[in-house]
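J.: Here it is, the structure, as structure tokens.
The values are calculated or read from the model by the stated rules, or taken from the named source; none is laboratory data. Note that the structure is predicted; figures quoted are calculated from it, not measured. All Cβ positions, even for glycine, are placed from backbone atoms using ideal geometry, and neighbour counts span all protein chains on display.
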Amino acid sequence: MATLSDAKRLVIKIGSALLVDRDSGALRAEWLHALALDVEAIKARGTDVVIVSSGSIALGRGVLELPADTLALEQSQAAAAVGQIRLARAYEEALAPHDLTTAQVLVTLEDSANRRRYLNSRATLEQLLTLGVVPIVNENDTIATDEIRYGDNDRLAAQVAVTIGADQLILLSDVDGFYSANPVEDAAAKRYDTIAEITPEIEAMAGDAGSGLSKGGMKTKLLAAKMATQAGCAMAITDGFVMRPLKALEKGAAATWFTAKDDPAQARKHWIAAMKPKGRITLDAGAVTALSGGKSLLPAGVSAVDGAFGRGDPVAILTPDGAPLGQGLSRYTSEEAALIKGRHTSDFEAILGYSGRAVLIHRDDMVLG
């Protein structure tokens, strides 16, 4: 079973009910500053941390004195616009005393559905993590409408975990795990310590109810678990209301862990290998040697480009005699790749009109054999 101390790249999802007091609408600052101690300790052992946080609408609602019941879309967007500033400031003030830099990343469902936006989001998050930053991710409720919404941050957190290749996702919740029935209504409800497979029977146990401030119920958490575990990311549901909930989880607090069969890198390789290529890239002998040694593919090692493909599309990788070598995701369109094949990075700006990326297919986006 996964344990939090093993995490190399961790996504933490925090719901509105944990961050915002239900009665006053004020930030639960003491809880957030205690959580910052957990994040500091996890970062200190070399783990990358991303926080997916609800709370902007709940904070903005209180400031604008909007009603406690369901808001109209325009009211929700206005509340989010006010609350996002306060949410970002709250995280900055909580983490800065621990020498941790934060960044606000606002996304919508469109950003993962659209291939170019997905790749841009991934590149930005990867760069932030490389620089040691703790990204704070939230759905961009200020502009999101129903057709481009996730609608709950459980699935958004899972999507972020998949995007960055996280190996663990922790949902801090108002319950301490997955139960066979609603424990509030059924005293005989059983909590599962570990779930290795999400069966139809498990799905049937999930209810719909969320708390007064949150939108997600257990069904959304199961959907998040499916998405995460298929990508090689283990997921846990645990009680977030306790002070320092991540430390509590490390010390054995009640939780349900959903196990992943592969690690994120292997799961990604399987996904790439299963895709239908939209084009072909033929290499020279030097590039074949470089790839066999674990290197990424540079445009300088490409002798031919065939087919029509976009940025992020799968392409077949061929040896000089046309034999299949592998498959990967291109970081350039077919038109761009054809222009820069055989050329060095220093030539890209003159050819493309912008400096571009040094790599055509990164080794993390490539499967050989």
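J.: Can you go through 297, 318 and tell me which one is surrounded by fewer than 21 Cβ atoms within 10 Å (Cβ to Cβ) and not assigned by TED's automatic domain parsing to the domain that holds residue 173?
T.: After applying the criteria, what remains is 318.
J.: I'm trying to understand the selection: among the residues of the range 349-369, which are in a helix (DSSP H, G or I) and in contact (Cβ under 8 Å) with a residue 12 or more places away in the chain?
T.: 351, 352, 363, 364, 365 - these are the residues of the range 349-369 that are in a helix (DSSP H, G or I) and in contact (Cβ under 8 Å) with a residue 12 or more places away in the chain.
J.: Step by step: first the residues of the range 38-80, then only those that are of a type in the set (D, E, K, R) and closer than 22 Å to residue 131 by Cβ, then the one that is surrounded by the fewest Cβ atoms within 10 Å (Cβ to Cβ). Which residue is that?
T.: Step by step, filter the range 38-80, then rank; the result is 45.
J.: Just name the residue that is surrounded by the most Cβ atoms within 10 Å (Cβ to Cβ) out of those in the range 302-311 that are touching a Gly at 6+ places or on another chain (Cβ under 9 Å) and either without any contact (Cβ under 8 Å) to a residue 40 or more places away in the chain or among the aromatic types (Phe, Trp, Tyr) (or both).
T.: This residue is 305.
J.: So, one more: Given the condition more than 23 Å from residue 23 (Cα to Cα), touching a residue at least 60 places away in the same chain (Cβ under 8 Å) and either under 23 Å from the mean Cα position of the chain (by Cα) or surrounded by fewer than 23 Cβ atoms within 10 Å (Cβ to Cβ) (or both), answer yes or no: does some residue in the range 81-99 qualify?
T.: yes
J.: Now, a different point. Looking for something in the same structural domain as residue 234 (by TED's automatic domain parsing), modelled with pLDDT of 95 or more and assigned to a loop (DSSP other than H, G, I, E, B) - is there at least one such residue anywhere in the range 259-270?
T.: Looking for residues that are in the same structural domain as residue 234 (by TED's automatic domain parsing), modelled with pLDDT of 95 or more and assigned to a loop (DSSP other than H, G, I, E, B), one finds at least one in the range 259-270, hence yes.
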